[in-house]
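Here's the structure, in structure tokens; my notes come after.
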Amino acid sequence: MGTSSATRPLHAATHAHEADRIESLHSYELLDSEPEDLYDDLALLAATMCGTPMAAVALVDDDRVWFKARFGIPRAQVPRGFTFCEQVVAQQRPLVVADSRLDPRFRTAAEHGVLAYAGVPLVGRDGLPIGTLCVFDSIARELPDKAVEWLRMLADQAVAHIELRRTDHRAGLAEAFEPSRLLRPERVRAALDDGELVPWFQPVVDLRTGRRCGAEALLRWEHPEHGPIPPSAFLPLLEATGLILPTGRHVVRQSLAALRSVLDATTGTAGAPAFGVSINASALEISRAGFARRIIDEVAEHGVPAAAVTIELTESGAPTPIDALRPELQQLRDAGLRIDADDFGNGHSTLQRLLDLPLTGIKLDLSIVSRVPHDVRVARVVEWLVGGAHELDLSVVAEGVETEEQRRFLRDVGCDRAQGYLFGRPGRTLGAGPTG
Ligand code: C2E
Ligand code: MG
Ligand code: MG
């Protein structure tokens, strides 16, 4: 346990209610407890998602920062006065540092070779922060744009578990307490077998007509206790274990079956299909031989027009070489399916892919869409991208459209389709589609 504040080293960053905060932390009886799988999993996921060699569930005690879980970190604790975590806890908000050498507050961290950092506070039910979920790196670097969003999501799981643990202790259930098996491969496998992994659908609208012209299938884990869990929480695990392959096949089958019923319910017209479905596939899935064949067979089996099916090429981990993707994508194109580069303008969706892969469209990343029209430079780039894409016969869809202003801007610059909370959130049905 911590020493009294009289002997605590001087450090600039303390929370406004530091004494209460420490008391709150101690009441969880987490300090110096044994490692637990769930927190280890969360640290591992944080590192995997952010692409960093180190991650931790860190508790900021009176005189030390103690790691409930650590990934890639050799020490079980570090003295206070050293870490970024104190800053996150003191301010009670996320912190992202690309190069600690540039900020005098982080001089000690820089001297210890910790140069890049992202962390979010773990806030207990009483509103006081007890620690952080954080990632760090020994090289100075920009962390992914979504790092804070991902860490927040994982931190929510950590806090839920910490609170649950306390309830169990209070109720005398400590003996019977078993760490959640949520993120264990066997549990995810069972979720797939039990039909808990299902595609939800988010509407896509045609910006010229304002009508719904399709939907994107977005994977959800309909967890019996935790409710719907978004894919960012378990995709890295699916990819790391190879479970992404059977899961992807399942999403394809369910999405095509859903499209089949929508097409059955609407009167068909000749020409291009008026309604379609977009299915995400990671580069890892696509690069497996037989990917295209399987999808083509499923499309034929479900009797849906190939042109009504778009594969969205996504990637989260290390970039897959273009040569590994091209043969499978070409086969899909030859069969008449459409292929969009997802998250265009962010991460791996590079110009090279646009030049060297048989794409039919690009999907503008929400990190770009969220900046139009108010960021004039970004707005110009979007206008230029839409024009250039059309010259190359590529369609453009915008994701993450949340405001009327964004919709109008995108329509005016000629963007073809759009998707986002403005038109509807992901929901269970493809046809009618939920809104709001
Ligand atoms: P994505 O394909 O880029 O999907 C867009 C994400 O943005 C979705 O997150 C969606 O729920 C969210 N979104 C939609 N509209 C808005 C908006 O207006 N504002 C904001 N802030 N967000 C919006 P979700 O469902 O959590 O999916 C995350 C990612 O997981 C997807 O990104 C996709 O890359 C991947 N994914 C989803 N389903 C599958 C799947 O079946 N297979 C594979 N391999 N990846 C999948
Ligand atoms: Mg997508
Ligand atoms: Mg995207």
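Derivation of every value follows stated rules applied to the coordinates shown; laboratory data play no part. Please read these numbers as outputs of a predicted model, since none were measured by experiment. FYI the Cβ positions are ideal-geometry reconstructions off the backbone, even for glycines, and counts take in every protein chain you see.
Return the loop-located trypsin sites (Lys or Arg not before Pro) in the range 75-150 (DSSP other than H, G, I, E, B) with at most 15 other Cβ atoms within 10 Å of their own Cβ; answer none if there are none. Loop-located and lightly packed - Arg75, Arg125, Arg141. Under the shape rule built on the C-alpha gyration tensor, where the axes satisfy a ≥ b ≥ c, the chain is prolate, since a/c reaches at least 1.5 and a/b is greater than b/c.
The gain in end-to-end length when the Asp412 to Arg288 segment is fully stretched comes to 40.7 nm, 0.36 nm per residue minus the alpha carbon separation.
Can you give the local net charge around Glu301? Use residues other than it whose beta-carbon is closer than 13 angstrom to its beta-carbon, Lys and Arg +1, Asp and Glu -1. Here the charged neighbours net out to +3.
Between the exposed loop cleavage positions of the chain, defined as GluC sites (Glu not before Pro) in a non-H, G, I, E, B DSSP state with at most 13 neighbouring beta-carbon atoms within 10 angstrom, the longest gap is 226-436. Summing +1 for each Lys or Arg and -1 for each Asp or Glu among the other residues whose beta-carbon sits under 11 angstrom from that of His17 gives -3. Considering only DSSP beta bridges where both residues belong to the chain, give the percentage that are antiparallel (nearest 5). Roughly 65 percent of the DSSP beta bridges within the chain come out antiparallel.
Placing a pseudo-label 7 Å from each Cα along the Cα-to-Cβ vector at Asp103 and Asp356 gives an inter-label distance of 3.7 nm.
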